[in-house]
1. Set the Förster radius R0 to 22 Å, insert the Cβ-Cβ distance between residue 178 and residue 112 as r into 1/(1 + (r/R0)^6), and round the FRET efficiency to 0.05.
2. Between residue 197 and residue 127, what length in nm is gained on full extension when 0.36 nm per residue of separation is reduced by their alpha carbon distance?
3. If you average 1/r across every pair of different Cα atoms in the chain and take the reciprocal, what Kirkwood value do you get, in Å?
4. What do you get for trypsin sites (Lys or Arg not before Pro) in the range 27-120 restricted to DSSP loop and a cutoff of at most 14 other Cβ within 10 Å of the site's Cβ?
5. Within the range 51-69, name every residue whose backbone N is under 15 Å away from a label modeled 7 Å from Cα of residue 6 along the Cβ vector.
6. So which GluC sites (Glu not before Pro) in the range 1-31 end up in coil per DSSP with only 13 or fewer other C-beta atoms within 10 Å?
7. Which of 197, 40, 14 sits farthest toward the positive end of the charge dipole of the chain, with +1 on the Cβ of Lys and Arg and -1 on the Cβ of Asp and Glu?
8. Please report, in debye to the nearest 20, how large the charge dipole of the range 81-173 is about its Cα centre when each Lys and Arg carries +1 at its beta carbon and each Asp and Glu carries -1 there.
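Bear in mind these aren't lab numbers, they're just calculated from the coordinates by the rules spelled out. As the structure is a computational prediction, the values presented were derived from the model and not from experiment. Don't worry about glycine lacking a Cβ; one is built from the backbone with ideal geometry, like all the others, and counts go over all protein chains shown.
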Amino acid sequence: MTGGSENARLIATLRREGIRDEAVLAAMAAVPREVFVDPSFADQAYADMALPIDCGQTISQPFVVAYMTEKLELNERMTVLEVGTGSGYQAAVLAQLARHVYTIERYETLLKAAEARFRQLDISNITARFGDGMEGWPEKAPFDRILVTAGAEEVPQPLFEQLADGGVMVLPLGPSFDVQTITRVRRENGTMMTEKLHPVRFVPLVAGAVRAGGGATGPDD
């Protein structure tokens, strides 16, 4: 593994870019990003940039991971739903801060790889499953926090319904394959309140799920 000096430089970069929550910075420092990147990009593991992973997806820029995590306003008593496991990096960061993380991935190939990384790092408070993230995880709801790591044109109603009253959801909202806005959604007495935060570009949130052998489930696949 890469030495801690590169991770330390990344944390310093995040501070300069405006990340102020010390718990979030400590969580970022605790997770070795090189475990989650494709080996061909190992030399860029601690660069503050998004990198490609399998299935046409990406591991998010560390600043975006830290920023979205910070805006969740997490504490160690909370349960979190993550939609879009991807490499597993974001879930691993969330797991440093929350009681339990439930994460859903529509690509079975990505899910299996992420679960292997969680085992490698001995992270025991993440439960992952293969499925359609737009439908959430109703049997584990309500969630104190929900993080969506793909761009949606509007807040998915099933996810809002699974957010606890007083809960917070953070997600990119906007057109697919265009600039979106990280948006914080609060549920207060059943009412949705939204706050636009920061421009970003994410892969689109898509319904359905894709098995490792290429078979698909769901209406859009």
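1. 0.10
2. Gain on extension, residue 197 to residue 127, equals 22.3 nm.
3. Here the Kirkwood hydrodynamic radius works out to 17.3 Å.
4. Filter output for the range 27-120: 77, 99.
5. 51-52, 62
6. Counting only loop positions with at most 13 other Cβ atoms within 10 Å, the GluC sites (Glu not before Pro) in the range 1-31 are 17.
7. Looking along the dipole axis, the top candidate is 14.
8. Dipole of the range 81-173, to the nearest 20 debye: 420 debye.
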